[in-house]
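Worksheet: one structure, shown below.
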Amino acid sequence: MTENFCYVGERFADIQILRYRLNGFEDLTLRQKLYVYYLSEATLWGRDITFDQMCIYNLQIRNLLEIVYLYLKENGQVDNQDYIALQTYLKRVWFSNGIHHHYGGEKFEPGFSKEFFLNIISQIDNYFPKYTKWDSVKNHLDDVLEVLFEARLFPKKTNKEDGVDLVKTSACNFYNNVSQVEVERYYANKKKGNEEHPLSWGLNSRLVKIDNRLEEQVWKINGMYGAALEKIVYWLGKAREVAENNQQRNYISLLIDYYRSGDLRDFDKYCIKWVGCHEGDVDFINGFIEVYDDPLGLKATWEGLVEYKDHVASRRCQIISDNAQWFEDHSPVDPRFRKQKVKGVTASAICAAMLGGEEYPSTAIGINLPNADWIRAEYGSKSITISNITDAYKRAAHGNGFKEEFVYDQTTLELIEKYGDVCDDLHTDLHECLGHGSGQLLPGTDPDGLKSYGNTIEEARADLFGLYYMADPILLELGILPDSEAYKAQYYSYLMNGLLTQMTRIREGNVIEEAHMRNRALIARWVYDHAKGSIELVVNEGKTYLKINDYTGLRDLFGQLLAEIQRIKSEGDYEAARKLVEDYAVTLDPVLHKEILQRYEKLNLAPYKGFLNPKLEPVYSTTGEIIDIKVDYSETYEEQMLRYSKDYSAL
């Protein structure tokens with residue numbers, strides 16, 4: 001039963017581990033369960049790809065840390081501070097798919113001494129061959145140790161600092177021996193003559209310079225990451241055999257073709273068939289999708305998600321998508337930048353069944369794909385909100401004291417308690433279902449023209465679309481907002497987060513790095529700067545709070561900023577994007593930041609959350625046939641991570 005399910009797992013560093021429940025999984029048919037299981041196996045085999053993409057030394061460091069950690073446990077050397085620090089460091093590496101923070105991007109400090117570590121390594125050498133990865137690690141040991149303990153090496157996963165070479169100063173493993181100028185020139189030449197249906201150049205490759213010549217190392221079978229992709233393709237093939245319909249079998253075949261060829265034209269064929277399939281309850285995402293980890297917004301990190309429909313929660317999404325044209329026609333943006341005919345917008349609420357790659361352990365709560373603007377324009381998009389993930393967040397946060405500490409007064413707190421959850425879900429739906437799919441580029445506009453600012457601008461565009469319509473009477477008419485006052489809960493929570501509380505996720509002295517956090521800061525600070533008394537920051541007994549004096553005026557401000565953000569995207573106005581982000585979305589007030597951190601620390605909460613996957617286990621008959629798929633929630637964080645490293649390592 002849901003009420004007896006334990007959502008909260010262990011905590012370490014700034015991380016709280018949660019569990020999500022597979023609501024309704026038992027009601028799926030055996031064929032659907034098998035489909036989910038095979039797709040889940042394909043998802044788990046991508047883990048090593050994501051680790052390697054985040055930094056070229058990540059896999060070697062993970063392997064070394066795991067060997068040292070297991071050796072210490074097996075030999076009882078666990079009663080010291082260095083062991084505890086090593087354990088925490090390894091858990092952070094597991095969580096972030098590497099040695100850099102999953103959100104801030106800064107490199108972790110080991111916390112244990114180099115002398116302690118070297119002493120254990122000298123002991124392990126005599127233990128070989130007990131640890132199967134030890135021989136491989138030994139071959140790179142000097143380099144791995146230097147990267148591990150030298151803070152100056154690879155200090156930032158994805159650098160977004162204005163005015164520097166973003167490629168050379170980023171640790172992500174998308175480029176080697178090339179400069180930002182060389183990368184931009186290389187792909188600008190690729191794009192010439194292919195403006196109408198542009199390929200997502202660079203999406204699935206590493207760009208390197210060898211003997212003064214640039215070449216792409218394509219991520220494909222018989223190419224870079226081929227061993228892992230072979231495993232993924234094997235399980236995709238198994239999934240194809242039990243798919244719910246021919247459309248699903250068709251797009252799985254196209255995805256397999258793409259993994260084999262590495263040809264981005266094959267990827268577009270897959271995306272078109274995938275976005276056009278609306279039948280069946282089970283779906284998945286598997287591939288090189290989002291470009292947030294590349295400072296230039298070109299290279300995609302591998303991710304996986306297996307899902308099945310939440311039919312009850314999907315009603316709200318369906319109403320929104322059915323009315324997509326109305327929302328587009330009434331958008332406050334210039335008519336030149338609106339879609340004249342919205343095509344193929346579909347939306348549903350889903351239950352996640354397995355998370356992988358960039359979506360694990362930290363995951364999105366909503367997704368809108370495909371990302372190619374021309375495919376969206378001609379064929380539409382699919383949007384999902386992940387109902388069992390948002391449910392887990394809500395249940396884990398209940399009664400933790402956060403809102404009571406940061407909300408201005410009791411009246412506002414009661415408003416948020418009453419409407420906050422439903423408004424959060426609705427804003428996510430509007431963001432994913434309509435925001436990302438709205439608007440259009442002007443002919444000839446380069447979809448990558450905003451460069452390192454593109455991700456922030458796109459997320460701001462989708463958020464603003466949702467915020468603008470949260471206060472529209474149409475939501476009451478459609479029956480998806482319970483009260484005309486409910487939108488105020490979302491306006492207050494969103495602005496409080498952008499102006500104040502998201503600072504709890506940033507270390508003192510740092511700037512805002514992550515695209516979604518920059519987006520929220522940009523919107524909140526721009527609105528604050530233009531509010532003319534609608535909102536203010538007030539100090540009461542030494543604590544800073546947001547106070548909203550005029551909710552109705554805020555909608556106009558959201559509309560004004562949405563119009564400008566859409567213009568920037570539609571015209572590819574790089575300079576305007578740069579100015580907006582740099583002016584509003586990067587730096588923090590150090591005094592206010594310190595105050596927020598001190599207040600948050602007293603709550604004893606972890607600012608970041610991530611999830612354990614359920615363990616899916618086949619149940620066999622006496623004749624060896626699979627007769628059911630069992631869902632096991634008992635695995636600990638350490639058990640799951642070590643099992644994944646043992647059972648799903650191909651690189």
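Brief remarks follow.
- Number of residues in the stretch 194-241 that are touching an Asp or Glu at 6+ places or on another chain (Cβ under 9 Å), part of a helix (DSSP H, G or I), farther than 20 Å from LEU369 by Cβ and open to solvent by less than 40 Å² (accessible area, probe 1.4 Å): the value is 1.
- Flag if GLU184 is modelled with pLDDT under 95 and not in a strand (DSSP E or B): no
- Filtered by the rule that a residue be assigned to a loop (DSSP other than H, G, I, E, B), open to solvent by 20 Å² or more (accessible area, probe 1.4 Å) and of a type outside the set (D, E, K, R), the stretch 161-178 gives GLY163, VAL164, THR169, ASN177.
- If only residues of the stretch 93-104 that are more than 14 Å from ILE17 (Cβ to Cβ) and either out of contact with any Leu (no Cβ under 7 Å at 6 or more places or on another chain) or not in a helix (DSSP H, G or I) (or both) are counted, the one that is most open to solvent (accessible area, probe 1.4 Å) is TYR103.
- Of ILE256, ILE221, ILE210, ILE232, all but one fail to be within 23 Å of ASP294 (Cα to Cα) and in contact with a helix residue (DSSP H, G or I) (Cβ under 6 Å, 6 or more places away or on another chain); the exception is ILE221.
- Checking each residue in the stretch 577-610 for being under 27 Å from GLY399 (Cβ atoms), open to solvent by less than 20 Å² (accessible area, probe 1.4 Å) and of a type in the set (A, V, I, L, M) picks out ILE596, ALA606.
- Selection status of LEU369, over 28 Å from TYR37 (Cβ atoms) and among the aliphatic types (A, V, I, L, M): no
- Subset of the stretch 492-528 [in contact (Cβ under 8 Å) with a residue 60 or more places away in the chain, buried (at least 21 other Cβ atoms within 10 Å of the Cβ) and among the small types (Gly, Ala, Ser)]: SER493, ALA515, ALA521
- In the stretch 366-407, residue nearest to ILE17 (Cα to Cα) [restricted to those that are among the small types (Gly, Ala, Ser) and touching a helix residue (DSSP H, G or I) at 6+ places or on another chain (Cβ under 7 Å)]: GLY366
To keep it simple, each residue is scored yes or no on (1) aliphatic (A, V, I, L, M); (2) surrounded by 20 or more Cβ atoms within 10 Å (Cβ to Cβ); (3) not in a helix (DSSP H, G or I).
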site	(1), (2), (3)
GLU279	no, no, yes
TYR308	no, yes, yes
GLN318	no, no, no
SER321	no, yes, no
PHE327	no, yes, no
ALA349	yes, yes, yes
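- Listing of helices (runs of 4 or more DSSP H) fully contained in the stretch 395-491 that carry 2 or more residues being free of Cβ contacts under 8 Å to residues at least 60 places away in the same chain and surrounded by fewer than 17 Cβ atoms within 10 Å (Cβ to Cβ): 410-429, 474-477
- Selection status of ASP257, within 26 Å of TYR379 (Cβ to Cβ), open to solvent by 40 Å² or more (accessible area, probe 1.4 Å) and not in a loop (DSSP other than H, G, I, E, B): yes
- Of all the numbered requirements in (1) open to solvent by less than 20 Å² (accessible area, probe 1.4 Å); (2) farther than 22 Å from ALA521 by Cα, LEU561 misses one, and that requirement is (2).
- Contact annotation: residue pairs with Cβ atoms under 6 Å, 6 or more positions apart or on different chains, pairing a residue in the stretch 293-318 that is of a type in the set (Ser, Thr, Tyr) with a partner that is open to solvent by 10 Å² or more (accessible area, probe 1.4 Å) and assigned to a loop (DSSP other than H, G, I, E, B), are THR301/ASP293; THR301/GLU358; TYR308/ASP281.
- Conditions (1) at pLDDT 95 or above; (2) more than 30 Å from GLN77 (Cα to Cα): number failed by VAL147: (2)
- Selection count where residues are open to solvent by 10 Å² or more (accessible area, probe 1.4 Å) and either within 17 Å of the chain's Cα centre (by Cα) or of a type in the set (Gly, Ala, Ser) (or both), scope the stretch 23-46: 2
- Options LYS107, LYS133: the member that is surrounded by 15 or more Cβ atoms within 10 Å (Cβ to Cβ) and out of contact with any helix residue (DSSP H, G or I) (no Cβ under 7 Å at 6 or more places or on another chain): LYS107
- Matching entry among LEU554, LEU580, LEU561 (being over 30 Å from GLY509 (Cα atoms) and touching a residue at least 40 places away in the same chain (Cβ under 8 Å)): LEU554
- Checked against (1) closer than 27 Å to TYR234 by Cα; (2) modelled with pLDDT under 95, GLY76 passes all but condition (1).
- Which numbered condition TYR71 misses (of (1) of a type in the set (Ser, Thr, Tyr); (2) open to solvent by 20 Å² or more (accessible area, probe 1.4 Å); (3) over 16 Å from PHE149 (Cα atoms); (4) more than 25 Å from the chain's Cα centre (by Cα)): (2)
- Being open to solvent by less than 40 Å² (accessible area, probe 1.4 Å), assigned to a loop (DSSP other than H, G, I, E, B) and in contact with a helix residue (DSSP H, G or I) (Cβ under 7 Å, 6 or more places away or on another chain) is not true of LEU90.
- Total residues in the stretch 148-160, condition open to solvent by less than 20 Å² (accessible area, probe 1.4 Å) and more than 18 Å from the chain's Cα centre (by Cα): 1
- Cβ-Cβ under 6 Å pairs, at least 6 apart or on other chains, the stretch 341-358 side of a type outside the set (A, V, I, L, M), far side open to solvent by less than 10 Å² (accessible area, probe 1.4 Å) and part of a strand (DSSP E or B): CYS351/TYR308; GLY356/GLY304; GLY357/TRP302; GLY357/GLU303; GLY357/GLY304; GLU358/THR301; GLU358/GLU303
- Here GLY76, GLY24 are screened, and the one residue that is small (Gly, Ala, Ser) and farther than 30 Å from ILE289 by Cβ is GLY76.
The values are calculated or read from the model by the stated rules, or taken from the named source; none is laboratory data. None of the values given here were measured: they were computed from a predicted structure. Neighbour counts are summed over all protein chains in view; Cβ atoms, including those assigned to glycine, are modelled from backbone coordinates with ideal geometry. For accessibility, only protein heavy atoms count, side chains too; no ligands or nucleic acids. Shrake-Rupley method; radii C 1.70, N 1.55, O 1.52, S 1.80 Å.
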